[in-house]
Each structure stands twice: as C-alpha cells, then as structure tokens.
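Below is one structure, written out as structure tokens; the observations come after it.
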Amino acid sequence: LAADLNWTVQPDGWHWQLARINAKNPDITLQGAGKLDLPHHQPPNIDLALTFATQRTVDNVRDYIPALLPDHTEQWLKTAIVQGYVPKGEFVLRGNPADFPFQHKAGVFDIRFDIEQGVLAYLPEWPQAEAVNGELHFHNADMNATVRSATIMDLDVRGGTVAIPNMHTPDNHLLLDLQTQGDLQAHMNYLRDAPIGHSLRDF
C-alpha cells in the first residue's frame with residue numbers, strides 16, 4: 001500500500017484528502033483518489049474513485065464483496081460468482097455511506113468491471129455458467145450484467161443479460177435472458193437438470 005494523505009482541521013470539522021492510493025496483493029491491484037469530509041454537525045461525505053484489476057483468475061471473490069451490501073445480497077454474490085479474471089474495473093462511492101443504497105437520498109455507489117473466464121452459479125440447483133465473458137455493473141440498489149459469451153452444459157451462450165432490479169428487498173427477483181445455441185437434446189438436457197425439469201422428465 002502506498003498513498004498520499006493530507007488532512008486539515010477547520011472550524012466546521014475534519015477534511016481528509018487522499019491524493020493518491022496504490023495497492024496490490026497477490027489477487028488484485030488498485031489505484032485511485034478521494035476525499036472524506038467529517039463536519040461537526042452534518043453527516044460525513046465521501047468521494048472516492050478507484051480503478052482495479054485482478055492479477056490472476058481469482059477463486060476467492062467472496063473476500064472482496066463490499067460490506068455495505070445487505071446480508072441476503074452479500075450471501076448471493078459470495079456463492080454466485082465462483083471465479084473470474086477482471087482485466088479492468090471501476091469503483092465510485094459518493095455521499096454519506098450510511099445512506100447507501102441512496103434510493104431516495106443523494107449519493108452514488110457504482111461498480112463496473114469486465115469479467116473473463118468466469119464461473120457463475122446464478123441460482124441453486126440450476127446448471128452453472130462457465131467460461132463467462134461479459135460485464136457486471138452494480139449501481140446503487142441494482143445489478144445488471146451483460147453476457148457476451150459463456151457455456152452452460154453443452155449449450156453455447158451467444159449473448160444475454162442478467163439483472164436484479166433491487167438487491168435490497170427480501171423478495172427481489174433474478175431476471176435471466178440468454179441467447180443459447182445447441183442441438184435439441186442439449187436444450188432438453190439443460191431443462192431436465194434445472195428445477196423446471198422435474199415436470200418435464202417424462203416428456
């Protein structure tokens with residue numbers, strides 16, 4: 001970790017300026033800058049912007065899930081994103097962290113990153129997606145992913161989207177829309193091995 005940090009104490013409170021930060025471990029590298037204002041009689045305000053990338057295909061994604069997320073979302077991410085390589089990514093956090101996910105208050109929580117050779121176990125009991133190439137984007141309470149290519153069992157995924165419109169409600173939904181290519185038997189095998197297949201096996 002290397003950084004340039006300055007702070008001042010003024011009549012209205014503390015002001016921290018992070019002019020430069022560079023950090024790395026065996027998994028990732030990151031760079032960025034930011035500031036933090038701690039006024040005496042107002043909520044704190046943070047303005048942080050980072051870029052990051054992985055140095056290898058990481059299989060411990062769970063170690064890097066932000067603690068800001070609600071428990072059910074954090075648990076889904078820890079099990080859904082099994083592994084992947086991130087050639088580039090961006091992270092922005094602005095506002096009072098206590099107001100996250102900023103649905104009715106000023107602030108921005110935004111993580112956007114490309115993923116290559118990813119493994120996504122998007123739902124329990126459903127066949128996982130492998131060799132995933134695409135982009136994941138978390139913005140405030142929403143998650144959206146663009147899938148450029150992947151494989152699911154014997155099916156080739158030629159594009160599609162994965163979305164959670166609001167990760168911060170207990171009854172949220174995962175919306176999966178994928179374009180697949182493969183023979184009829186490969187599609188039937190996928191349906192058979194998914195939960196929906198319980199009613200299709202005789203057919």
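List of remarks:
- Among strands (runs of 3 or more DSSP E) entirely within segment 119-183, having at least 2 residues that are of a type in the set (A, V, I, L, M, F, W, C), surrounded by 15 or more Cβ atoms within 10 Å (Cβ to Cβ) and at pLDDT below 90 singles out 155-164.
- Cβ-Cβ contacts under 9 Å between residues 6 or more apart (or on different chains), taken from a first residue in segment 3-16 that is more than 24 Å from Gln31 (Cα to Cα) to a second residue that is open to solvent by 90 Å² or more (accessible area, probe 1.4 Å) and of a type in the set (S, T, N, Q), are listed as Asp12/Gln42; Gly13/Gln42.
- Flag if Arg94 is over 24 Å from Gly134 (Cα atoms), of a type outside the set (A, V, I, L, M, F, W, C) and either at pLDDT 90 or above or in a strand (DSSP E or B) (or both): yes
For (1) in contact with a Ser or Thr (Cβ under 9 Å, 6 or more places away or on another chain); (2) of a type in the set (Lys, Arg), each residue gets a yes or a no:
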site	(1), (2)
Asn45	no, no
Arg62	yes, yes
Lys105	no, yes
Phe109	no, no
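- Thr73 being among the β-branched types (Val, Ile, Thr), open to solvent by 50 Å² or more (accessible area, probe 1.4 Å) and not in a loop (DSSP other than H, G, I, E, B): no
- When we screen Asp63, Asp47 for residues that are among the acidic types (Asp, Glu), under 25 Å from Phe138 (Cβ atoms) and not in a helix (DSSP H, G or I), the only hit is Asp47.
- Counted residues, segment 100-118 - those being modelled with pLDDT of 90 or more, closer than 25 Å to Ala33 by Cα and either charged (D, E, K, R) or under 15 Å from the mean Cα position of the chain (by Cα) (or both): 8
- Scan segment 184-203 for residues that are touching a residue at least 40 places away in the same chain (Cβ under 8 Å) and outside any loop (DSSP other than H, G, I, E, B) and the total you get is 3.
The values are calculated or read from the model by the stated rules, or taken from the named source; none is laboratory data. Everything numeric in this text was worked out from a predicted model, so none of it was measured. When we count neighbours, we look across all protein chains shown, and the Cβ atoms used for this are built from the backbone with ideal geometry, even at glycine. These area figures cover heavy atoms from the full protein model, side chains too; ligands, DNA and RNA do not enter into them. Shrake-Rupley method; radii C 1.70, N 1.55, O 1.52, S 1.80 Å.
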